[in-house]
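Reading through the structure tokens given below for one structure.
The values are calculated or read from the model by the stated rules, or taken from the named source; none is laboratory data. Only a predicted model underlies this, so the values are computations on that prediction, with no experimental measurement involved. Here the Cβ positions follow ideal geometry from the backbone for every residue, glycine too, while neighbour counts run over all protein chains shown. When the accessible area is computed, the model is the full protein with side chains, heavy atoms only, and any ligands, DNA or RNA have been set aside. Shrake-Rupley method; radii C 1.70, N 1.55, O 1.52, S 1.80 Å.
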Amino acid sequence: MEYLIKNTVIYNSDKTVKADIYIKDGKIEKIGENLSYENATVVDGSKKIALPGLCDIHCHLRDPGYEYKEDIISGAKSAAAGGFTSIVAMPNTKPVADNKAVIDYINNKAKNACVNVYQAGAITKGLEGKELAEIGEMKKSGIVAVTDDGKPVSDGSMMKKALLYAGMFDLPVIAHEEDMSLVDGGSMNEGYMSTYLGLRGISKAAEEVMVSRDIIIAKSLSEKVHITHISTKGSVELIRQAKKDGVKVTCDTCPHYFSLDETACDGFNTNAKMNPPLRTNEDVEAIIEGLRDGTIDMIATDHAPHHEDEKNCEFDKALNGIIGFETAFALAYDYLVTKNGFSLNKIVELMSRNPSDFIKIEGGEIAEGKVADLILADVENKWTYEAEKSVSKSKNTPYNKFTFGARVTDVFVKGNYIVENCNVKG
Ligand SMILES: [Zn+2]
């Protein structure tokens, strides 16, 4: 199929141009003014903006093993609805994605997904932290990173081995940072709100101790480390300083850490329970500054679907996490662009360019000759997000009924028109 997007404004990470985009054979064939092609289906882009497809390096598709929460096909549709054209699934599935057989199963199923689904392999077998997984074998099957996400790699010598070994395969190590002895059974941020609600708190130190440890290990080895879903002011400061010192550290945060604080847990709202927990307003401000000054390299969703029954229970028993694909761009637009003066180019850098480069895939740019992974968004009309209408199998979100100023309306993946006027064709 051929498509011609007319009269749109294209935002790349480094520039903005008004033009038409001609898509043919899965590629962006031509960008220019007053383009006309006989066989192309015309898409009116005049009231919309065009961005490179978003790339999420951290999501949970729950497949294999927990398909009642999500599966690769439904997760991909939810990603598409939010403008993500490439996503990286975490390996905490059942069985754990720690060997070639599971990776091959996922890759095979992902062939029928409507977006590009990539897989991260486990660092350690069974995510148990004791023995390295078959990283080399999984690399041959196409994994793009390794991580024990959901759990920390508690043993420092294991993290050292992981950085060295994954480094040999040029695979990024994504570190979920949590000192379990400091978490100590907590279920939300430790502070005023946890005291008020009578819940056991998780100190910021639980995250920051591990962030420091991994910065120091990476520095000692001259290896790279990527720290995922940072949530505290202290983590931002540690990483900012480490970058100044030349440590090869990168990091991401999630939309909830720049849009919500611990007060969202009031009323024992389990849809605001996540790991790391929502922090304080001071942390939110520091996360935004970290995104602004480049300390934080990218935004990831940590899309974490759970069944209603796993959230409809006492706060400390509820599972951690929220769905995130379909609100991520809207949150970035409202909380970073509108409220904090970020440019849309910066959003492209944080949500498309940098994550695409991080996992070394094509994309992250609307340019002639590049893969036609791109989206259109409406930034002129408000819309109200309704969790019930979410494309994900799960509905666990703290943003139900939020009204947003921007919405992804159209999505192209490899030149296929998979979301048209907010309808996921999949
Ligand atoms: Zn995690």
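Among the residues of the stretch 341-398, those identified as of a type in the set (Phe, Trp, Tyr) and in contact with a strand residue (DSSP E or B) (Cβ under 8 Å, 6 or more places away or on another chain) are Phe358, Trp383, Tyr385.
Test Ala387 against the criterion of being hydrophobic (A, V, I, L, M, F, W, C) and open to solvent by less than 10 Å² (accessible area, probe 1.4 Å), and give yes or no. Answer is yes for this residue. Taking the stretch 58-89 as the range and being of a type in the set (A, V, I, L, M) and either outside the structural domain of Tyr333 (by TED's automatic domain parsing) or open to solvent by 10 Å² or more (accessible area, probe 1.4 Å) (or both) as the test, the residues that pass are Ile73, Ala81.
Residue check: is Asn340 surrounded by fewer than 21 Cβ atoms within 10 Å (Cβ to Cβ) and either under 30 Å from Val9 (Cβ atoms) or outside the structural domain of Pro152 (by TED's automatic domain parsing) (or both)?
Numbers: surrounded by fewer than 21 Cβ atoms within 10 Å (Cβ to Cβ): yes; either under 30 Å from Val9 (Cβ atoms) or outside the structural domain of Pro152 (by TED's automatic domain parsing) (or both): yes.
Judged against the criteria, Asn340 is a match.
Hey, any hits in the stretch 316-327 for a residue that's among the aromatic types (Phe, Trp, Tyr), open to solvent by 20 Å² or more (accessible area, probe 1.4 Å) and assigned by TED's automatic domain parsing to the domain that holds Asp63? Taking every residue of the stretch 316-327 in turn, none turns out to be among the aromatic types (Phe, Trp, Tyr), open to solvent by 20 Å² or more (accessible area, probe 1.4 Å) and assigned by TED's automatic domain parsing to the domain that holds Asp63. Is it true that Glu190 is open to solvent by 10 Å² or more (accessible area, probe 1.4 Å), within 16 Å of Arg279 (Cα to Cα) and within 16 Å of the ligand (Cβ to nearest atom)? No: the conditions fail for Glu190.
When the residues of the stretch 269-283 are filtered to those that are more than 15 Å from Gly191 (Cα to Cα) and away from the ligand (no atom under 16 Å from the Cβ), which remaining residue is surrounded by the fewest Cβ atoms within 10 Å (Cβ to Cβ)? Of everything passing the filter in the stretch 269-283, Asn269 is surrounded by the fewest Cβ atoms within 10 Å (Cβ to Cβ). Summed over the stretch 284-303, the residues that are within 16 Å of the ligand (Cβ to nearest atom) and not hydrophobic (A, V, I, L, M, F, W, C) give a count of 3. Residues that are outside any helix (DSSP H, G or I), over 25 Å from Ile123 (Cα atoms), touching a helix residue (DSSP H, G or I) at 6+ places or on another chain (Cβ under 8 Å) and without any contact (Cβ under 8 Å) to a residue 40 or more places away in the chain: does the stretch 226-242 have at least one? No, the stretch 226-242 contains no residue that is outside any helix (DSSP H, G or I), over 25 Å from Ile123 (Cα atoms), touching a helix residue (DSSP H, G or I) at 6+ places or on another chain (Cβ under 8 Å) and without any contact (Cβ under 8 Å) to a residue 40 or more places away in the chain.
Residue under question is Asp149, and the condition is that it be part of a loop (DSSP other than H, G, I, E, B) and either surrounded by fewer than 16 Cβ atoms within 10 Å (Cβ to Cβ) or free of Cβ contacts under 8 Å to residues at least 60 places away in the same chain (or both); does it hold?
On the way: part of a loop (DSSP other than H, G, I, E, B): yes; either surrounded by fewer than 16 Cβ atoms within 10 Å (Cβ to Cβ) or free of Cβ contacts under 8 Å to residues at least 60 places away in the same chain (or both): no.
Against the criterion (part of a loop (DSSP other than H, G, I, E, B) and either surrounded by fewer than 16 Cβ atoms within 10 Å (Cβ to Cβ) or free of Cβ contacts under 8 Å to residues at least 60 places away in the same chain (or both)), Asp149 does not qualify.
Can you name every residue in the stretch 161-182 that is touching a Ser or Thr at 6+ places or on another chain (Cβ under 8 Å) and either part of a helix (DSSP H, G or I) or charged (D, E, K, R) (or both)? Within the stretch 161-182, Ala162, Glu177, Asp179, Met180, Leu182 qualify.
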